Amino acid sequence: MNLRRIIWLASFHKSGNTWTRAFLANYFAPKPGQVTLNQLYDEIGSDVRQDFFNKAAGGPFRGEIFDDSIRLRPKVQRLIAASKPGHQFVKTHSKIGRVGPIDLIDPSVTAAAVYILRNPFDLAPSYARHSNVPVDRAIDNMCDPKALTASETKIFEVLGRWDDHVASWTEAPGLARHVMRYEDMAADPERAFRALLGFLQAPVRDGALRRAIRAASFDSLAKQEAKQGFREKPDAMDRFFVRGRPGGWRDELTPAQVARIRSEFRATLEKWYPEMLAETEAFARTP
């Protein structure tokens, strides 16, 4: 059976993955705009869902060491791919890479990928809120080649450094992929999501496109969270949707933090965010 069915929605944490999932779920819904925030988990699942790890383990999964969940990832991904006919979207925050002989992203179930990236200056304070740590600690994690996250049952996600994460997805040989920048999505969502639909070879229906964009907007998702909560929000966070517009780094980072991010990720910034180099250099020199 050909299980090359998964279209990965991949990103580092807090880079626009939920936004993209909300758009796609609403665009492809029978009635565009009808998928709520808390239905996303069921509409577009992830590669670390507890129920699939339970199936792969043959009972309730609770790992004891890092290797326990990593060893199950290929089986989990095959179960996900076989769970629905045809292509399906699956969220992941994992980088592409290997742990020993195990592919973190199994090529045998991969059809394509959509990679969403966000500039590391805005990412750092958002990631700090997400992780409930100081900004400097969040930057440490973004610079850590061994960076991991884990659920309460020890299902691990392997992130690595931010720049390595970006490179693993955007430079993977032979991978059909579409790259989206959070900043471009915010500046012109209609253009960004039209391009995404073009990559997916999906018919573009103008009315459905605009309804899905409205349903997936930051304001819409934030209002839903305020009224109903968000089942995917980490317990340590007060709110998942805090600041939707790019540029907040100017108010949230110190010159020293900006200088460190520039130094750590200079090559990736030159490739993906060259327009930010001059401003961040000047900011980093602020007394």
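Can you compute 3J(HN,Hα) from phi for each residue in the range 41-49, using the Karplus curve 6.51 cos²θ - 1.76 cosθ + 1.60 with θ = phi - 60°, rounded to whole Hz and x for Gly and Pro?
Result, rounded to whole Hz: 4, 7, 6, 10, x, 10, 7, 10, 5.
For the range 6-284, build the charge dipole from Cβ charges (+1 Lys, Arg; -1 Asp, Glu) around the Cα centre, then report which of Leu159, Ala147, Met180 sits farthest towards its positive end.
Met180
Once amide H atoms are placed 1.01 Å from N in the peptide plane, what residues at a sequence separation of 5 or more from Ala150, or on another chain, have their amide H within under 5 Å of its amide H?
It is Glu157, by chain and number.
In nm, what is the difference between 0.36 nm times the number of residues separating Asp140 and Arg98 and their Cα-Cα distance?
Extending this stretch completely gives an extra 12.9 nm.
By how many nm would the segment from Asn54 to Ala82 grow when fully extended, if each residue of separation counts as 0.36 nm and the alpha-carbon distance is taken off?
Additional length available on full extension: 8.5 nm.
Can you give the % of DSSP beta bridges in the chain that are antiparallel, to the nearest 5?
Here the share of antiparallel DSSP bridges comes out near 25 percent.
Ranking request for peptides 5-16, 267-278: highest mean number of other beta-carbon atoms within 10 Å first, then the rest in descending order.
In decreasing order of mean packing, 5-16, 267-278 become 5-16, 267-278.
Subtract the Cα-Cα distance of Asp188 and Ala226 from 0.36 nm times their separation in residues, and report this length gain in nm to one decimal.
Contour length minus the Cα-Cα distance gives 11.1 nm.
Highest GNM mean-square fluctuation, the chain, Cα pairs closer than 10 Å: which of Asp67, Asp47, Asp163?
Asp67
In nm, give the distance between the simple-model label positions of Gln201 and Arg266, each being 7 Å from the Cα along the Cα-to-Cβ direction.
About 4.3 nm separates the two model spin labels.
Which three semi-axes in whole Å describe the equivalent ellipsoid of the range 110-235, each the square root of 5 times a Cα gyration tensor eigenvalue, listed largest first?
The three semi-axes for the range 110-235 are 27, 21, 14 Å.
What's the local net charge at Lys75, with K and R +1, D and E -1, over the other residues with C-beta under 10 Å away?
Net of charged neighbours comes to +3.
So if I take the centroid of the Cα atoms in the range 71-87 and the same for the range 139-207, what is the distance between those two points in Å?
The two parts, judged by their Cα centres, are 20 Å apart.
Quick check on my link table: of Lys14/Lys91; Lys91/Lys146; Lys91/Lys227; Lys14/Lys95; Lys55/Lys75; Lys14/Lys227, which ones sit more than 18 Å apart, alpha carbon to alpha carbon?
In this structure, Lys91/Lys146; Lys91/Lys227; Lys14/Lys227 lie more than 18 Å apart at Cα.
So if I place +1 on the C-beta of Lys and Arg and -1 on the C-beta of Asp and Glu, and nothing else carries charge, what would the dipole magnitude of the range 6-284 be about its Cα centre? I want it in debye, nearest 20.
820
Find, to one decimal place in angstroms, the Kirkwood hydrodynamic radius of the chain, where the mean of 1/r is taken over every pair of different Cα atoms and then inverted.
19.6
Please enumerate, by chain and number, the aspartates and glutamates with C-alpha under 18 Å from the C-alpha of Lys84, excluding those fewer than 8 residues away in the same chain.
Asp42, Glu43, Asp47, Asp51, Asp106
Any read-out appearing in this document is the output of simple, stated calculations on the displayed coordinates, not a laboratory observation. In this text the structure is predicted, and so the values were computed from the model without any measurement. Ideal geometry is used to build each Cβ from the backbone, glycine not excepted, and the neighbour counts take in all protein chains shown.
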